[in-house]
There are 2 protein chains.
Amino acid sequence: MPSESKASRLLLLAFLLVGVAAGHDDAAMRRTMEEFAGFPVSDDVEGPFTASRVDSEGLQRQIDELASFSDSPAPSVTRVLYSDKDVQARRYIKGIMNQRGLAVREDAVGNIFGCWEGSEPGLGTVGTGSHVDAIPFSGKYDGVVGVLGALEAIRLLKRSGFQPKRSLEVIMFTSEEPTRFGISCLGSRLMAGIEELAQSLRKVVDNQNVSFLDAAQSAGYKMDPEDLHSVFLKKDSYSAFIELHIEQGPILEKEGIPIGIVTAIAAPASLMVEFEGNGGHAGAVLMPARNDAGLAAAELALAVEKHVLESGSIDTVGTVGILQLHPGAINSIPSKSHLEIDVRDIDEKRRNDVIEKIRQAATEISKNRGVVLSEFNIINKDPPALSDKSVVDAMEFAVKQLNLDYKKMISRAYHDSLFMARVSPMGMIFIPCYKGYSHKPEEYASPEDMSNGVKVLALTMAKLSLE
Amino acid sequence: MPSESKASRLLLLAFLLVGVAAGHDDAAMRRTMEEFAGFPVSDDVEGPFTASRVDSEGLQRQIDELASFSDSPAPSVTRVLYSDKDVQARRYIKGIMNQRGLAVREDAVGNIFGCWEGSEPGLGTVGTGSHVDAIPFSGKYDGVVGVLGALEAIRLLKRSGFQPKRSLEVIMFTSEEPTRFGISCLGSRLMAGIEELAQSLRKVVDNQNVSFLDAAQSAGYKMDPEDLHSVFLKKDSYSAFIELHIEQGPILEKEGIPIGIVTAIAAPASLMVEFEGNGGHAGAVLMPARNDAGLAAAELALAVEKHVLESGSIDTVGTVGILQLHPGAINSIPSKSHLEIDVRDIDEKRRNDVIEKIRQAATEISKNRGVVLSEFNIINKDPPALSDKSVVDAMEFAVKQLNLDYKKMISRAYHDSLFMARVSPMGMIFIPCYKGYSHKPEEYASPEDMSNGVKVLALTMAKLSLE
């Protein structure tokens, strides 16, 4: 395809996407577009200005409908891997993929792919997507915007008459959240071909002692353990991967900037820690005779905060999101405690230094309290990921064409993109969210911000599809 | 009844209970007994020495069978109010009561009574009993020894040919443990006629939002809220109440003493505390922007320990047995935390001073961390109970007749006796338990110690029955 024609098609697209919002004269705009495109606006487009609009109401309705598949009451959302609600959400997403005319397939663990075949399907595909699982009592936008928004981008591109060269594909990743099996980005990690994960998935169990394989089967993904390897992506399957996501931080909103172009994803690490002491009756065991595993956990939680703050960098964060006491009765001294700790930094070494200090604190606490540090397990300690220049360039091109202000920034949250970056050039588009809230019911992104994100995604994919 | 005959009957009983263990010559002992009794040993006794024996194997078998009704794997026991396992346990206890020839009845909340009618049933009854509910992952002896042991004491008395004057009654109390609704000694509290409890039971829910009334109905106790008042005991229903229990502390075992006579029950208090902060994404929210409700809880747990230790008395104990974080995900900053705190002392004022300091600490922590102290609720703050002299005297009589060493002591754990003491003269019999362990799977009492406890209980009840 001559490059002039390609450029024209993209410019047409950009015009379509800028739409009425930019305030152009309709007839003049149509003329300009047809000039750029070198062909009349296609007939299956309802009209250039109708077609150019993101269906914000429709997108919001889908977000609300998806949020209703929840194991906790609205406005909170709880949708855990392979639960009934997760299965309902999967069915819902596949339904929209079908409506969009995408070819739908699922892999062994339930990563869902909706493909729009390009004119040269032999080339690497341009992928986009995110997740729809939700941690307990969280919100409706995290991940969801990157799946439903991508499907809306596909609708826009189809309506505009765009014809992809490379295939375009929307992916709904399985279990980005670590809620059930303690493994974050389970689907994308496995797609990235991590052999250790394939091994550990054969034996991992949730806190109800249900194995991953049984849980998957109950959700309709019956597999032989060997099938886990079939999830691994073939080399060069994707020429690019772009994820649209709410920022989950306050920067874009505070600075009034509609689009963030992510240049790197901070390096997350997860620790699992357990103390074992002596339980006993809360009335009968006198204080000097106690080895309270719960108090050891309380001390460690405060030590995490202390060492994170002592790193001296604003970019170091540490969280004890899970702290459980066993047996968990008011009149019983905790005999065991379990903590799950999340530590992140944009500097991998500094993060690992903090982890080392947490380890030392745990050892010291166990000595002082006469409890056993029965587990100190670094579940993962992923390196940071950099966005690929080709994808960043395409995102910048799109944002500029759409006359949107933008900012290059770092993602402090991890995403499936962290693992897609191992097997594909990667980039992420951020949109603002209310007060930076995420992982709670107050999570919110405005229809306008989502609409901007969808347009940037559509144009970025279109550009990358033609390369 | 002439007092000589009464004394003779009790001495006969004591001989029967001392049994072969004391090493008497069989024929000589039989002669002595018949002399004391003034009548031949009754025909329905299989033989004086057989009849005199506590059936330790049978009692242990029952304890093991009861332990199999558990929602956690052996050796731990989890049997929560109105669960299926609790219902199975109730059926089991009623079965044994029937085997013993007792008249079985249940009140509206499921306190179970097995009555052996005396020759003068119009007099106040001599009651005994305990509970069989078990906190999560606890052991098989707490409470159970006082129910199954009491039923074994009834068997002994029946086999010995004893005829009670006052009726004897074995009670299985509903929900001594606070696991499900946060209310300890629910059954005995209600029997003691506490109006506030009757009111609060109309609306209390468990952590699954199941109401007390619905839970009771699902266990077969369908009631109108008004029926709660029918549980209140009529004045002078009981002339005495004795509870047999494992010590749940190490003293008897350490000192090699088989029987503890409890003279007072320490005063327990329960607090429920909640902090509300701001949640958010563990990666995205930087440390200075956080109001972490989980860290507030960790600080308060350590403050409880500090203030308890600073009371300066070995008798002050404080425990954070429950500490829950919401939403409870590794990558989510806790937006809420929930603590349940148990504080006890034999000195009520000193205990209340500690509670006040915990309250101050909670307020201070909430200020420092910018979290809201959304609840600081003293669920109960019961006064201590004293054993009644008449019951203590009867227990001492029994122990001396049985040639057992004993020690007067305080119960640091609370029991249903704490509330029975409000409506009846009360006393408790303690037996040693392994290392003082309780509320954990390692809980253990030896057959010999249980057998001694059963004998003391039988003779104490017999004596009180004739008074």
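The values are calculated or read from the model by the stated rules, or taken from the named source; none is laboratory data. Values in this document were obtained by computation on a predicted structure and should not be read as measured data. Here the Cβ is made from the backbone with ideal geometry for all residues, glycine too, and neighbour counts use every protein chain on show.
Residues that are at pLDDT 95 or above and of a type in the set (Asp, Glu) are absent from region A:192-204. Residues considered: A:GLY146, A:GLY161, A:GLY139. Of these, the only one that is buried (at least 24 other Cβ atoms within 10 Å of the Cβ), in contact with a Ser or Thr (Cβ under 6 Å, 6 or more places away or on another chain), among the small types (Gly, Ala, Ser) and in contact (Cβ under 8 Å) with a residue 12 or more places away in the chain is A:GLY146.
Scanning region B:307-318 for residues that are modelled with pLDDT of 95 or more and more than 10 Å from every other protein chain (Cβ to nearest Cβ), we see that the one that is surrounded by the fewest Cβ atoms within 10 Å (Cβ to Cβ) is B:GLU310.
Within region A:184-240, the residues that satisfy the criterion of being under 30 Å from A:GLU467 (Cα atoms) and among the charged types (D, E, K, R) are A:ARG189, A:LYS234, A:LYS235, A:ASP236.
Being surrounded by 20 or more Cβ atoms within 10 Å (Cβ to Cβ), assigned by TED's automatic domain parsing to the domain that holds A:GLU255, in a strand (DSSP E or B) and at pLDDT 95 or above is a description that does not apply to A:MET395. The residue that is nearest to A:ALA198 (Cα to Cα), counting only those in region A:214-245 that are hydroxyl-bearing (Ser, Thr, Tyr) and in contact with a strand residue (DSSP E or B) (Cβ under 7 Å, 6 or more places away or on another chain), is A:SER237. Within region B:170-190, one or more residues are in the same structural domain as B:LEU66 (by TED's automatic domain parsing), closer than 30 Å to A:SER72 by Cβ and in contact with a Leu (Cβ under 6 Å, 6 or more places away or on another chain). Just one residue in the set B:SER337, B:SER313 is part of a loop (DSSP other than H, G, I, E, B), under 32 Å from the mean Cα position of the chain (by Cα) and not assigned by TED's automatic domain parsing to the domain that holds B:CYS433; that residue is B:SER313.
Among residues of region B:186-227 being within 14 Å of another protein chain (Cβ to nearest Cβ) and in contact (Cβ under 8 Å) with a residue 24 or more places away in the chain, the one that is farthest from the chain's Cα centre (by Cα) is B:ASP206. Return yes or no: is A:SER366 away from chain B (no Cβ under 14 Å), buried (at least 18 other Cβ atoms within 10 Å of the Cβ) and touching a Leu at 6+ places or on another chain (Cβ under 9 Å)? It is true that A:SER366 is away from chain B (no Cβ under 14 Å), buried (at least 18 other Cβ atoms within 10 Å of the Cβ) and touching a Leu at 6+ places or on another chain (Cβ under 9 Å).
Here is a yes/no grid of residues against (1) modelled with pLDDT under 95; (2) more than 8 Å from every other protein chain (Cβ to nearest Cβ); (3) assigned to a loop (DSSP other than H, G, I, E, B); (4) closer than 30 Å to A:VAL423 by Cβ:
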{"site": "A:GLU243", "(1), (2), (3), (4)": "no, yes, no, yes"}
{"site": "A:GLN248", "(1), (2), (3), (4)": "yes, no, yes, yes"}
{"site": "A:LEU252", "(1), (2), (3), (4)": "no, yes, no, yes"}
{"site": "A:GLY260", "(1), (2), (3), (4)": "no, yes, no, yes"}
{"site": "A:ALA264", "(1), (2), (3), (4)": "yes, yes, no, yes"}
{"site": "A:PRO268", "(1), (2), (3), (4)": "yes, no, no, yes"}
{"site": "A:MET272", "(1), (2), (3), (4)": "no, yes, no, yes"}
{"site": "A:PHE275", "(1), (2), (3), (4)": "no, yes, no, no"}
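Here B:ILE183 meets each of (1) assigned to a strand (DSSP E or B); (2) within 14 Å of chain A (Cβ to nearest Cβ) with one exception, condition (1). For region A:280-294, enumerate the residues that are facing chain B (nearest Cβ under 8 Å), closer than 15 Å to A:SER366 by Cα and not in a helix (DSSP H, G or I). Once the filter is applied, which keeps residues that are facing chain B (nearest Cβ under 8 Å), closer than 15 Å to A:SER366 by Cα and not in a helix (DSSP H, G or I), region A:280-294 yields only A:ASP292. Restricting A:GLU169, A:GLU176 to residues that are within 14 Å of chain B (Cβ to nearest Cβ) and either crowded, with 20+ Cβ neighbours inside 10 Å or part of a helix (DSSP H, G or I) (or both) narrows the list to A:GLU176. For region B:277-287, state whether one or more residues are buried (at least 23 other Cβ atoms within 10 Å of the Cβ) and either outside the structural domain of B:ILE346 (by TED's automatic domain parsing) or under 29 Å from B:GLU356 (Cβ atoms) (or both). There is at least one residue in region B:277-287 that is buried (at least 23 other Cβ atoms within 10 Å of the Cβ) and either outside the structural domain of B:ILE346 (by TED's automatic domain parsing) or under 29 Å from B:GLU356 (Cβ atoms) (or both).
Taken over region A:202-224, the criterion of being in a loop (DSSP other than H, G, I, E, B) and surrounded by 14 or more Cβ atoms within 10 Å (Cβ to Cβ) is satisfied by A:VAL204, A:ASP206, A:VAL210, A:ALA219, A:TYR221, A:MET223. Between B:LYS367, B:LYS400, B:LYS357, B:LYS349, the distinction of being part of a helix (DSSP H, G or I) and under 23 Å from B:PHE241 (Cα atoms) belongs to B:LYS400 only.
Taking the conditions (1) more than 12 Å from chain A (Cβ to nearest Cβ); (2) touching an Asp or Glu at 6+ places or on another chain (Cβ under 9 Å) in turn, B:LEU339 satisfies each one other than (1). Screening the candidates B:LYS440, B:LYS455, B:LYS407 for the property of being assigned by TED's automatic domain parsing to the domain that holds B:GLU177, part of a strand (DSSP E or B) and not hydrophobic (A, V, I, L, M, F, W, C) yields one hit, B:LYS407. In region B:411-437, the residue that is modelled with the highest pLDDT out of those that are assigned to a loop (DSSP other than H, G, I, E, B) and within 9 Å of chain A (Cβ to nearest Cβ) is B:TYR437. Take the conditions buried (at least 16 other Cβ atoms within 10 Å of the Cβ) and more than 12 Å from chain A (Cβ to nearest Cβ) and apply them to B:SER332. Does it pass? No; evaluated as a whole, the condition is false for this residue.
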